[in-house]
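Just below is one structure, and these are the notes that go with it.
Any read-out appearing in this document is the output of simple, stated calculations on the displayed coordinates, not a laboratory observation. Bear in mind the structure is a predicted one, so any value in this text is a computation, not a measurement. Backbone-built Cβ (ideal geometry, glycine too); neighbour counts: all protein chains shown.
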Protein chains: 2
Amino acid sequence: MTAAAERPAIALDVMGGDLAPDATIEGAIRWARTTGQRAILVGDVDVMRGLLSKGGENPSAWRLESGPSTIGMGEHPVQAVRSTPDASIRRCAELVRAGEAQALVSMGNTGATMAAGVLLVGRARGVDRPGLAVLIPSREAPTLLIDVGANAEARPEHLRDFGLMGAVYSRQLIGNPKPRTGVLSIGEEATKGSPLTLAAAELLAESTLNFVGNVEPGGLFNSSVDVAVCDGFTGNLVLKAFEATAEFAVGELRAAVRRHPYTLPGVAFMYPAFRAVRRRTDYAQYGGTPLLGVNGVVIIGHGRSNAVAVENALHAAARAVDSRLVDRVADGMASISR
Amino acid sequence: MTAAAERPAIALDVMGGDLAPDATIEGAIRWARTTGQRAILVGDVDVMRGLLSKGGENPSAWRLESGPSTIGMGEHPVQAVRSTPDASIRRCAELVRAGEAQALVSMGNTGATMAAGVLLVGRARGVDRPGLAVLIPSREAPTLLIDVGANAEARPEHLRDFGLMGAVYSRQLIGNPKPRTGVLSIGEEATKGSPLTLAAAELLAESTLNFVGNVEPGGLFNSSVDVAVCDGFTGNLVLKAFEATAEFAVGELRAAVRRHPYTLPGVAFMYPAFRAVRRRTDYAQYGGTPLLGVNGVVIIGHGRSNAVAVENALHAAARAVDSRLVDRVADGMASISR
């Protein structure tokens, strides 16, 4: 681990993602050319060799690991990871567990990546429930929302733990010295919420965190907190609501522009703006979503990731390894008075 | 009640809403001029007289009821309704309970209106938990989402009941003969969801409803269901996420337009389009949100409602009374095999 700690080894799931393997290999090449570092590529070895050559790379300069199978969207994540020894995501997780890599990056089936992370990479010291975190674009610094789908159910202490892990991430990787942490709820008043959020707020108020109370969905966009916690069902639903609304609003705007005689001349001018908003509201641009609380860095990118998004996810993984994220999370969890 | 049944009597909470009492009185006048019917106006009688005169109306032609107090946003809804006998919303609910009105419309504190509805108007026959429903703008017909905030917790049978009440509303007021009903969840696959949604889906599948399974937030916008059910915490959060994202996306687009040299000439052309999208994503335009399962028609408008939104909410209330919504909901609930 010592040599690797100087130069982080990252296992890239080449077969995962809608645009894989072309976009994943291209992303790995881009990252290598920017940083001088090569990810460990996991996938169908012949295909990877071919794409590396096509991209102007010498395949023998890269470490290629065989993992040709993929896990489809319809499969049950835990069962599929267990029953598919040659799945690329499973091989990536095994490399992290063996200490041959410190991080894995996948654009594949989110459920399968979480399952591989929890089952094979394993929980970090002191962590009961890992949580999937996402950076929400915001007017100022992005807000970290956790959990967005690792667990469909949670107890109040899990939300407290998500707050602790999220605060470590925010401190180490976003540079907030004392991240403001809130509970995602239906009103800012302390009395508003579900039994789960009310109990979690009490635990967070007693913790060492800079707890600022409840935050509404709108607060995620205006930087009123740095970290917001919720159960995975709620977080996943809110995230999907964000994506769906952004798509709907932009679509309606396009339609409205076309419908109004006064705005029609503006259409041609609008395309760069539409593209910019799509980028701003696409959380994958922010380097993927980290699965916090596992014993290695696990970064999950959007299924639609292109080569630039893959490169960004590799950057995020390297920064997480460099900042010793996993150890810091374990330290943070150890500090809880249970 | 017989005379009133021919011409619905609607109690309007004149004091409720950010733009009250001006916008509420103006909305009542607009509705009266369109339909020839006058709502019962509940508020500060002197203020109402003054505004009616200013609007060109003869105050003595209107029924004015005294209810000069309002319930503020910071107050606990149930306690405030109980301890404020002269609150306008409480007086409205008392008129419905006494059979002097068949409907009430309020743009005031949503919690207080729900509390007044449940405590004073009372539950409809066979209903355990009333649910607040909202119409989500959609590519085709709007989707009814229920519950968006009446209860912070729900059991599976409550979600089933929301489905039954929502289907009645969709049939009677939107004209869907066999409304497609779904459970709002994090994936369309039947295995995806929380313990609550999974259990509710089983109950809905056994019911007489046209149950189509899970629906994701994006499905609300593309008319893949007519009615979607969820617990009130989830629904309220998703609704707030919709509003926040629409505002953020439109704001970002404005900013992007201003930033790009190519799009700058388009700015002036864009304002009608921005306004159109704001209208499309503002659910108050669709005539307010009905509280279903109480023993009278209760329509809650957006706090920011202007006179047109007030008029629309009065139209929605009258249509609900005309279609005998309350009786139909009770009939629907009676049909459940418990």
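Please enumerate, by chain and number, the aspartates and glutamates with C-alpha under 18 Å from the C-alpha of B:LYS178, excluding those fewer than 8 residues away in the same chain. Correct list for B:LYS178: B:GLU140, B:ASP161, B:GLU206, B:ASP226, B:ASP331. Stretching A:ALA205 away from A:ALA61 to a fully extended chain increases their span by 46.6 nm, per 0.36 nm per residue minus the current alpha-carbon distance.
Largest GNM mean-square fluctuation across A:SER185, A:SER60, A:SER170, computed for chain A with C-alpha springs under 10 Å, falls on A:SER60. Rounded to the nearest Hz, the phi-derived 3J(HN,Hα) couplings of segment A:175-187 under the Karplus curve 6.51 cos²θ - 1.76 cosθ + 1.60 (θ = phi - 60°) are x, 7, x, 9, x, 6, 10, x, 9, 5, 8, 8, x, where x marks glycine and proline. Close amide H contacts of A:ASN176 (hydrogens built in the peptide plane, cut-off under 5 Å, sequence separation of 5 or more or a different chain): A:ARG171.
Per-residue mean of foreign Cβ neighbours for B:230-240 is 6 (Cβ atoms of other chains, 10 Å radius). Taking every alpha-carbon pair in segment B:134-261 and binning the separations at 5 Å intervals from zero gives 2, 12, 21, 23, 18, 10, 5, 4, 3, 2, 1, 0 percent.
Take the Cα of A:GLU153, go 7 Å toward its beta carbon, and the backbone nitrogen atoms of segment B:180-201 under 16 Å from that spot belong to B:191-201. With its label point put 7 Å out from Cα toward Cβ, B:GLN79 sits 5.1 nm from the same residue's point in the other copies, in order from shortest. For segment A:149-220, the list of GluC sites (Glu not before Pro) that fall in a loop by DSSP and count at most 15 other C-beta atoms within 10 angstrom reads A:GLU153, A:GLU188, A:GLU189. Where the centre of each part is set by its Cα atoms, how far does segment A:43-81 sit from segment B:110-160, in angstrom? The two parts, judged by their Cα centres, are 50 Å apart.
Close amide H partners of A:GLY17, meaning residues 5 or more places away or on another chain with modelled amide H under 5 Å apart, are A:GLY108, A:ASN109. Only Cα sites of segment B:31-107 enter the Debye sum here, all with the same form factor; the resulting log10 I(q)/I(0) across q = 0.24, 0.26 1/Å is -1.18, -1.28, listed in q order.
Using a cut-off of 14 Å between alpha-carbon atoms, which aspartates and glutamates can reach B:LYS240, once sequence neighbours fewer than 8 places away in the same chain are excluded? Leaving aside aspartates and glutamates fewer than 8 places away in the same chain, those within reach of B:LYS240 are A:GLU188, A:GLU216, A:GLU243, B:ASP147, B:ASP282. Our Cα-only numbers for chain A put the radius of gyration and Dmax at 20.4, 66 Å.
Subtracting the Cα-Cα distance of B:ARG82 and B:ALA141 from 0.36 nm times their residue separation leaves 17.4 nm of extension gain. When a/c reaches 1.5 or more, the comparison of a/b and b/c decides; with that in mind, is segment A:1-145 rounded, prolate or oblate per its Cα gyration tensor? Here segment A:1-145 falls in the rounded category. By the Kirkwood approach, averaging reciprocal distances over each pair of separate Cα atoms, the protein assembly as shown gets a hydrodynamic radius of 26.7 Å. Taking other Cβ atoms within 10 Å as a rough exposure proxy, B:ILE40, B:ILE89 sort from fewest to most as B:ILE40, B:ILE89. In this assembly of identical copies, the label point of A:SER53 (Cα plus 7 Å along Cα-to-Cβ) is separated from its counterparts by 9.4 nm, sorted shortest first. Other protein chain C-beta atoms within 10 Å of residue C-beta, averaged over B:216-228: 3. Each copy carries B:ALA190; placing its label point 7 Å along the C-beta direction from Cα gives inter-copy distances of 4.6 nm, listed from smallest up. Working note: Karplus 6.51/-1.76/1.60 with θ = phi - 60° gives segment A:241-249 the couplings 5, 4, 4, 5, 5, 4, 5, 5, 5 Hz, where Gly and Pro are set to x. Computed from backbone phi with θ = phi - 60° and the Karplus coefficients 6.51, -1.76 and 1.60, the 3J(HN,Hα) list for segment A:155-167 is 9, x, 5, 5, 5, 4, 5, 4, x, 5, 5, x, 5 Hz; x is used for glycine and proline. Between amide H atoms placed 1.01 Å from N, distances below 5 Å from B:SER185 occur with B:VAL215, B:GLU216, all of them 5 or more places distant or on a separate chain.
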